[in-house]
Amino acid sequence: MIPRSLLSGLNYKKLFSLSGLFFRHPFMLIPTLKATKDCIDISDKLFPGLHHLNNNTNAFRHALWNMLLTKEAYIRNNDIDKASHWAQIIGDWHEEFSPNKPLEKAMDLHNNAFGRELIYKLYRKNDNLKTEYLANRLLLHLDNSKKVSNIQEINSLKDQMVHLID
């Protein structure tokens, strides 16, 4: 069953677009939903009421979501490059259809990419990556998330998460 909270923000245009993605990739629906649910559960547990702001916990949530999307897609297709590409497709879709301002969108896309890059690095060391392990490894980067005020700053930072408010 699809959680109501995952569908509540979707209008017909968004739902049609998302349906098209899963029509072309039907076996990715369950892994995508699992990754999304696990990410929200972990973020709610670690940062109740905080991770929906544009702070470092929001950066964590976006990076973790892409890590878990990659992990679940990898379990499905056993190809880390295809798995990472799927996570990017879903993350980009979300940002295209979310009502964020340009700076917020750039921040989210950056943190999504950070998460995909981190899981790729971890995958090279150990291809049996558990969700708890991934979250713990990402937590090590939380304090290094950098507060930014413009898109140029975001573009100059490749090795750390970014956020807009403390």
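Every read-out reported here was derived from the displayed coordinates using simple, explicitly stated rules and does not represent laboratory data. Source: prediction; values computed, not measured. Virtual Cβ from ideal backbone geometry, glycine too; neighbours counted across all protein chains shown.
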Range in the chain, longest, excluding exposed trypsin sites (Lys or Arg not before Pro) [loop by DSSP; at most 11 other beta-carbon atoms within 10 Å]
1-129
Long-range amide H partners of K146 with built H, under 5 Å:
M161, V162, H163
What size of dipole, in debye to the nearest 20, comes out for the chain about its Cα centre when the only charges are +1 on Lys and Arg C-beta atoms and -1 on Asp and Glu C-beta atoms?
280
Sequence order, segment 100-108: Karplus ³J(HN,Hα) from phi using 6.51 cos²θ - 1.76 cosθ + 1.60, θ = phi - 60°, Hz rounded, Gly and Pro as x, gives 7, 6, x, 5, 5, 4, 4, 4, 5
Using a Gaussian network model of the chain whose springs link C-alpha atoms within less than 10 Å, name the residue from H25, H110, H52 with the highest mean-square fluctuation.
H25
Restricting things to alpha carbons, find the Rg to Rh ratio for segment 99-143 using the Kirkwood radius for Rh.
1.08
Step through the residues of segment 142-155 one at a time and calculate ³J(HN,Hα) from phi using the Karplus curve (6.51 cos²θ - 1.76 cosθ + 1.60, θ = phi - 60°), rounding each to whole Hz and writing x for Gly and Pro.
4, 5, 8, 4, 9, 6, 10, 10, 8, 5, 4, 4, 4, 5
Average projection area in nm² (convex hull over Cα atoms of segment 121-166, one quarter of hull surface)
4.0
Dividing the Cα radius of gyration by the Kirkwood radius, what Rg/Rh value follows for the chain?
0.94
Exposure proxy order (Cβ contacts within 10 Å, fewest to most) of T57, T70:
T57, T70
Straight-line reach from K101: which lysines have Cα under 22 Å away, leaving out those fewer than 8 places along the same chain?
K13, K14, K146, K147, K158
